[in-house]
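Below is one structure, written out as structure tokens; the observations come after it.
Every read-out reported here was derived from the displayed coordinates using simple, explicitly stated rules and does not represent laboratory data. Being a predicted model, the structure only gives us computed values, none of them experimental. Glycine gets a Cβ as well: all are built from the backbone with ideal geometry, and neighbour counts include every protein chain shown.
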Amino acid sequence: MEIKKAIEVLSNAKYADEFQGDEELTEATIMARNALEYRLPKRPIETKEIAGHKPFCCPTCKTVVFSSAFCNCCGQAIDNTILKGKR
Ligand SMILES: [Zn+2]
């Protein structure tokens, strides 16, 4: 199963109804969904030019990211195709 599909399944409102009354299962489902969100590559945010450079930031924690596939600060997977094209 692809990560995007797993997030979709875990976010499905039908599941939330089924979990009503089972707080542990609900909490575990939310934790799993949030953990999967970090594995889904997200496009970095382009910032304003600073000293001749336009740094890109992690969309999750806003730390500057370079050409790595993951944010060094929070571990968010980064869609680094835009970074490789510009640096
Ligand atoms: Zn980050």
A chain fully extended from S11 to K54 at 0.36 nm per residue, minus the present Cα-Cα distance, gains in nm 12.0 nm
Counting lysine pairs in the chain that sit 8 or more positions apart or on different chains, with Cα atoms under 22 Å apart, gives 16
Within the set A35, A51, A77, GNM on the chain using Cα springs under 10 Å gives the largest fluctuation to A51
Here, the chain modelled as identical Cα point scatterers in vacuum has Debye log10 I(q)/I(0) at q = 0.24 Å⁻¹ of -1.08
So for R0 = 30 Å, FRET eff. of T63-A28 from the Cβ-Cβ r, to 0.05, ends up at 0.60
